[in-house]
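A.B. asks: Once you've had a glance at the structure underneath, I'll fire off some questions.
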Amino acid sequence: MTSYNAGVTSEPSLIRADLHNHTHFSPDSILSPARFVAQAVRRGLDCIAVTDHNTLGGAEAVREAAAATGLRVIAGEEVRTDDGEVLGLFLTQDIPRGLSAEETIGRIKAQGGLAGVPHPYDTLRSGLDPAVMLRLVDRLDFVEGLNARMVFSAHNDKAVQFASAHGLPLSAASDAHSRWEVGRAYVEMPGFTGPGDFLDSLRAGRLEGRLSTPLVHLISRYAMLRRKLGWRPR
């Protein structure tokens, strides 16, 4: 299993931010908001981004669950576009699926959010089409350089190379869909106040963590089957 500086102790001035995760408001996740918060605190995270598929509902629920913990919650969304998936952070309104990547990015930025690319080059999931990513590179704010759900570490390496070639900051995320995955990967970065200085902090950060076992994808299969049989989050 590939390791990215796993186990390094955080410096006092840095925070640990896990910047792409899913609650059971995503049809392929079994992670409840309450368990997400409890596990994030247990794993020593300071900041989590909740990026459910095509909805902010999970982010709102996690924010309520985390109110008394001091854990910072970034509301986000992983949006399925006609060109692959786009990650939006610091969102206040849902963005519908099925738009072009260009229009999706425009809607993210129109509400003051930041647009990034989750798990680029992943041939087993719906990452943003590489040709589209190159065409829209000037409109992207960050690239996910370490996604713990990548089956092949070489795909993370290609993402890092793309970001380096185009001067884009890198993010890292567990992409958790269950409590066992929370805190698997994160960025150690200086603190920030909002989207305005987030990218500067991200540039100064470093990616930490390691890949999850590929078996975690079976959890998503189970979650989707459960949803087809009628289960819905409260």
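A.B. asks: Quick one: count up the residues across the stretch 121-146 that are over 21 Å from P195 (Cα atoms) and touching an Asp or Glu at 6+ places or on another chain (Cβ under 7 Å).
C.D. replies: 5
A.B. asks: Something else: Looking at the stretch 119-134, I want the residues that are under 16 Å from A185 (Cβ atoms) and among the hydroxyl-bearing types (S, T, Y) and have a partner that is surrounded by 14 or more Cβ atoms within 10 Å (Cβ to Cβ) and at pLDDT below 85 with Cβ atoms under 9 Å, at least 6 apart or on another chain. Which pairs are those?
C.D. replies: none
A.B. asks: Moving on. Sort through T81, T69 and tell me the only one that's at pLDDT 95 or above, more than 15 Å from the chain's Cα centre (by Cα) and either part of a loop (DSSP other than H, G, I, E, B) or surrounded by fewer than 17 Cβ atoms within 10 Å (Cβ to Cβ) (or both).
C.D. replies: That would be T69, the only listed residue that is at pLDDT 95 or above, more than 15 Å from the chain's Cα centre (by Cα) and either part of a loop (DSSP other than H, G, I, E, B) or surrounded by fewer than 17 Cβ atoms within 10 Å (Cβ to Cβ) (or both).
Matching residues to (1) over 16 Å from I15 (Cα atoms); (2) of a type outside the set (A, V, I, L, M); (3) under 15 Å from the mean Cα position of the chain (by Cα):
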| position | (1), (2), (3) |
| --- | --- |
| V143 | yes, no, yes |
| A165 | yes, no, no |
| L170 | no, no, yes |
| M189 | no, no, no |
| S212 | yes, yes, yes |
| K228 | yes, yes, no |
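A.B. asks: Within the stretch 144-159, can you find the residues that are surrounded by fewer than 24 Cβ atoms within 10 Å (Cβ to Cβ) and either free of Cβ contacts under 8 Å to residues at least 60 places away in the same chain or within 12 Å of G84 (Cβ to Cβ) (or both)?
C.D. replies: Of everything in the stretch 144-159, those that are surrounded by fewer than 24 Cβ atoms within 10 Å (Cβ to Cβ) and either free of Cβ contacts under 8 Å to residues at least 60 places away in the same chain or within 12 Å of G84 (Cβ to Cβ) (or both) turn out to be F152, A154, H155, D157, K158.
A.B. asks: Moving to a separate point now. Pairs only if they're at least six apart or on different chains, beta carbon under 6 angstrom, first in the stretch 188-204 and farther than 10 Å from C47 by Cβ, second assigned to a helix (DSSP H, G or I); list them, first residue then second.
C.D. replies: What qualifies is P190/S201.
A.B. asks: If we keep just the residues of the stretch 180-196 that are surrounded by fewer than 20 Cβ atoms within 10 Å (Cβ to Cβ) and within 18 Å of L140 (Cβ to Cβ), which is modelled with the lowest pLDDT?
C.D. replies: G196
A.B. asks: Go through the stretch 210-234 and report how many residues are touching a residue at least 40 places away in the same chain (Cβ under 8 Å), small (G, A, S) and either in a loop (DSSP other than H, G, I, E, B) or surrounded by fewer than 16 Cβ atoms within 10 Å (Cβ to Cβ) (or both).
C.D. replies: 1
A.B. asks: Do the conditions hold for A49, that is, is it small (G, A, S) and either touching a residue at least 40 places away in the same chain (Cβ under 8 Å) or not in a loop (DSSP other than H, G, I, E, B) (or both)?
C.D. replies: Judged against the criteria, A49 is a match.
A.B. asks: While we're looking at this one, here's another question. Scan the stretch 159-215 for residues that are within 20 Å of I108 (Cβ to Cβ) and either of a type in the set (D, E) or in contact with a Lys or Arg (Cβ under 6 Å, 6 or more places away or on another chain) (or both) and jot them down.
C.D. replies: P169, D175, D197, D200, listed by residue number.
A.B. asks: Quick check on the stretch 18-37: of everything there that is out of contact with any Lys or Arg (no Cβ under 8 Å at 6 or more places or on another chain) and more than 19 Å from V79 (Cα to Cα), which residue is surrounded by the most Cβ atoms within 10 Å (Cβ to Cβ)?
C.D. replies: Only one residue tops the list, namely V37.
A.B. asks: How about the stretch 127-146: which of its residues are closer than 14 Å to S171 by Cβ and of a type in the set (D, E)?
C.D. replies: D141, E144
A.B. asks: Name the residues in the stretch 190-209 that are assigned to a loop (DSSP other than H, G, I, E, B) and touching a helix residue (DSSP H, G or I) at 6+ places or on another chain (Cβ under 9 Å), would you?
C.D. replies: Within the stretch 190-209, G191, F192 meet the criteria.
The values are calculated or read from the model by the stated rules, or taken from the named source; none is laboratory data. This structure is a prediction, so every number in the text was calculated from the model and none was measured. For neighbour counting, all protein chains shown are included, and Cβ atoms are generated from backbone atoms with ideal geometry for every residue, glycine included.
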